[in-house]
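The values are calculated or read from the model by the stated rules, or taken from the named source; none is laboratory data. As the structure is a computational prediction, the values presented were derived from the model and not from experiment. Heads up, the Cβs are rebuilt from the backbone with ideal geometry, glycines too, and the neighbour counts pull from every protein chain shown.
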Amino acid sequence: MNVFDVIRGDSPIVLGQPHGGTFVPEDIHARLNANGRQLADTDWHITQLYDGLLDGVTVVKSNVHRYVIDANRDPEGVSLYPGQNTTTLVPLTDFDGREIWEEGQDPSADEIEARRLAYHAPYHAALRAELERVRDKHGVAILFDCHSIRSQIPFLFVGLLPDFSIGTNLGATCAAEIEAATVAVCAEADGYSSVTNGRFKGGWTTRHYGQPEAGIHAIQMELAQSTYMQEAAPWTYLDARADRLRPHLKTLLQKLNSLALSEALTR
C-alpha cells in the first residue's frame with residue numbers, strides 16, 4: 001500500500017485530498033474499538049467526486065486513514081480552532097466525541113511521532129513538490145484542498161452545515177480574486193447554500209501552503225456530504241446527487257484554472 005498517490009498534470013491547479021484514504025495498518029486497526037473500526041470520519045468518495053472535472057489537474061491523495069494520523073493537522077499538535085471542539089493529530093475520539101481506541105490503547109507521544117514520520121511527512125513532501133513544480137511552470141499554483149463532512153455534527157458545530165464551506169483563513173491564504181471567484185460560483189449554484197470562513201476557515205494544509213506572495217495560493221472546500229452521498233453507513237455514493245453537484249465543482253475549477261493562466265495572479 002502506497003502512503004500516498006500522485007496523479008501529475010500540467011495545470012496550475014493541485015487537488016489535495018488528505019482524508020479520503022481508508023488504509024489502517026493491521027497492528028493499529030487491532031487497537032481501534034468497534035466504533036473506531038467503522039472509520040466513520042472518512043471523506044468518503046472524494047477522489048471519485050472530483051475525478052475528470054479538470055483536464056491536466058494534479059492530484060495528491062493520502063491513502064492512510066485520519067485515525068492513523070491526520071494529514072490536515074499541524075504536525076506540532078497545535079489546535080486549528082482554539083476553544084472549539086476538534087480532533088487532534090492522532091484523534092482520540094470521532095467527530096461525535098466518542099472514543100475510537102480500545103481502553104488503554106491511546107497512542108503514545110513516541111508512537112505519534114513515528115506515525116508522523118511514516119505517513120504525515122511523506123504526504124506533505126509530495127504535496128510540496130507538486131506545488132513547487134506547478135508554480136515553477138506557470139509562475140503560480142493554486143492548491144484546492146478537497147474535503148467533505150457530515151452536514152450535522154453537534155459536537156463540532158451547531159445546526160446544519162452549508163453545502164459549500166469555503167476556507168481561506170480570512171483571506172490570508174490566497175489572492176482576493178481566487179476567493180471571489182469561488183464565492184461567486186458557489187453563490188450561483190442553484191439549490192445550494194454556502195459560507196466563507198465560517199466554522200471551517202481552512203485546515204493546516206491550507207494555512208501552511210497558502211503563501212500568495214510566494215506564488216502559491218490555497219483554498220479549502222468543505223462539502224456537506226449530503227450533497228453527494230449517504231451520510232450514514234454504508235456511506236453509499238449517490239450518483240444522482242453527485243451528478244447534480246459535479247458541474248458546479250467543474251465550473252469552479254475551470255474558473256480558477258483560467259484565472260491562474262491569465263497571469264492575473266502573477267502581475
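Results, tabulated for the structure shown:
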| read-out | value |
| --- | --- |
| Check on ALA189, aliphatic (A, V, I, L, M), crowded, with 16+ Cβ neighbours inside 10 Å and modelled with pLDDT of 95 or more | yes |
| Subset of region 28-44 that is touching a residue at least 24 places away in the same chain (Cβ under 8 Å) and not in a loop (DSSP other than H, G, I, E, B) - its residue that is surrounded by the fewest Cβ atoms within 10 Å (Cβ to Cβ) | GLN38 |
| Top-ranked residue in region 92-111 [being farther than 20 Å from GLU26 by Cβ and not aromatic (Phe, Trp, Tyr); ranked as surrounded by the fewest Cβ atoms within 10 Å (Cβ to Cβ)] | ALA109 |
| Residue check, TYR50 of a type in the set (Ser, Thr, Tyr), within 15 Å of the chain's Cα centre (by Cα) and farther than 26 Å from ARG241 by Cβ | no |
| Matching option when the condition is surrounded by 18 or more Cβ atoms within 10 Å (Cβ to Cβ), modelled with pLDDT of 95 or more and more than 15 Å from the chain's Cα centre (by Cα), among ALA141, ALA114 | ALA141 |
| Selection status of ASP10, among the acidic types (Asp, Glu) and under 20 Å from ARG115 (Cβ atoms) | no |
| Out of LEU265, LEU256, sole residue that is outside any loop (DSSP other than H, G, I, E, B), hydrophobic (A, V, I, L, M, F, W, C) and either surrounded by 16 or more Cβ atoms within 10 Å (Cβ to Cβ) or in contact with a Leu (Cβ under 9 Å, 6 or more places away or on another chain) (or both) | LEU256 |
| Residue check for LEU89: in contact with a Phe, Trp or Tyr (Cβ under 7 Å, 6 or more places away or on another chain), under 15 Å from THR205 (Cβ atoms), at pLDDT below 95 and part of a loop (DSSP other than H, G, I, E, B) | no |
| In region 189-218, residue nearest to LEU261 (Cα to Cα) [restricted to those that are more than 14 Å from the chain's Cα centre (by Cα) and of a type in the set (Ser, Thr, Tyr)] | THR196 |
| Where a residue in region 92-104 is modelled with pLDDT under 95 and its partner, wherever it lies, is surrounded by fewer than 13 Cβ atoms within 10 Å (Cβ to Cβ), with Cβ under 6 Å and at least six apart | none |
| Selection count where residues are in contact with a strand residue (DSSP E or B) (Cβ under 6 Å, 6 or more places away or on another chain), hydroxyl-bearing (Ser, Thr, Tyr) and surrounded by 15 or more Cβ atoms within 10 Å (Cβ to Cβ), scope region 223-253 | 0 |
| Those residues of region 208-267 which are free of Cβ contacts under 8 Å to residues at least 60 places away in the same chain, farther than 30 Å from GLY77 by Cβ and not hydroxyl-bearing (Ser, Thr, Tyr), in sequence order | GLN230, ALA232, PRO234, LEU238, ASP239, ALA240, ARG241, ASP243, ARG244, PRO247, ARG267 |
| Odd one out for GLY16, checked against (1) assigned to a strand (DSSP E or B); (2) closer than 11 Å to HIS65 by Cα; (3) among the small types (Gly, Ala, Ser) | (2) |
| Only one of THR182, THR227, THR251 that is closer than 28 Å to HIS124 by Cα, within 17 Å of the chain's Cα centre (by Cα) and among the polar types (S, T, N, Q) | THR182 |
| Residues located in region 45-69, provided they are out of contact with any Phe, Trp or Tyr (no Cβ under 9 Å at 6 or more places or on another chain), surrounded by fewer than 22 Cβ atoms within 10 Å (Cβ to Cβ) and in a helix (DSSP H, G or I) | THR47 |
| Some residue of region 154-166 being in contact (Cβ under 8 Å) with a residue 24 or more places away in the chain and on the phi > 0 side of the Ramachandran plot | no |
